[in-house]
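The values are calculated or read from the model by the stated rules, or taken from the named source; none is laboratory data. Predicted model only: the values in this text are computed from it and were never measured. Cβ placement follows ideal geometry from the backbone for every residue including glycine, while neighbour counts extend to all protein chains displayed. Surface accessibility is based on the protein's heavy atoms, side chains included, excluding ligands, DNA and RNA. Shrake-Rupley method; radii C 1.70, N 1.55, O 1.52, S 1.80 Å.
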Amino acid sequence: MKQSIGYISLVVRDYDEAIAFFTQKLAFELIDDSPSTDRDGRDKRWVLISPPGSRGTKILLAKACTPEEISRIGNQTGGRVFLFLHTDDFWRDFRVMADRGVRFVRQPQEQPYGTVAVFEDLYGNKWDLLQLKTDG
């Protein structure tokens, strides 16, 4: 059996402000932005983004519609780190992101597994910027 996770939903307040943050501040690629309908037949958009060069899981930007969904914007994991952005050059990406105004809430640290810093997206969700150590 072969399986993989294709998409992870990230609840957002507004499609365009989220697209702008991810493409301009994090240099993500906009993979798809198509009209669609939600579970109640209302208009929505199907918006997929991905880190540059990624071949794996993509992020589906999901606009919050209900009061419960709205309450989750920026806090999908109760304050824990939600997503882990792997990089092949930590210091390059850290500097570029900081220069673009990305807010780091934990400064870079060397850990047994690699170099890591925690940043927040435009809504306050926490992410790890992480370069894993290589074996050997």
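Descriptive notes on the structure:
- Selection over region 1-44 of residues that are open to solvent by 30 Å² or more (accessible area, probe 1.4 Å), β-branched (Val, Ile, Thr) and farther than 24 Å from Asp89 by Cβ gives a count of 2.
- Gln107 falls short on exactly one of the conditions (1) of a type outside the set (Asp, Glu); (2) within 23 Å of Ala20 (Cα to Cα); (3) more than 15 Å from the chain's Cα centre (by Cα), and that condition is (2).
- Residue satisfying all of: in region 124-136; of a type in the set (A, V, I, L, M) and open to solvent by less than 40 Å² (accessible area, probe 1.4 Å); nearest to Ala20 (Cα to Cα) among these: Leu129
- Condition met for Arg106 (basic (Lys, Arg) and within 22 Å of Ile5 (Cα to Cα)): no
- Here the strands (runs of 3 or more DSSP E) wholly within region 55-123 that include at least 3 residues being loosely packed, with under 15 Cβ neighbours inside 10 Å are 103-111.
- Residue that is nearest to the chain's Cα centre (by Cα) [pool: residues in region 36-59 that are over 19 Å from His86 (Cβ atoms) and at pLDDT 95 or above]: Val47
- Inclusion of Val47 among residues that are in contact with a Gly (Cβ under 9 Å, 6 or more places away or on another chain) and either surrounded by 13 or more Cβ atoms within 10 Å (Cβ to Cβ) or part of a strand (DSSP E or B) (or both) is not warranted.
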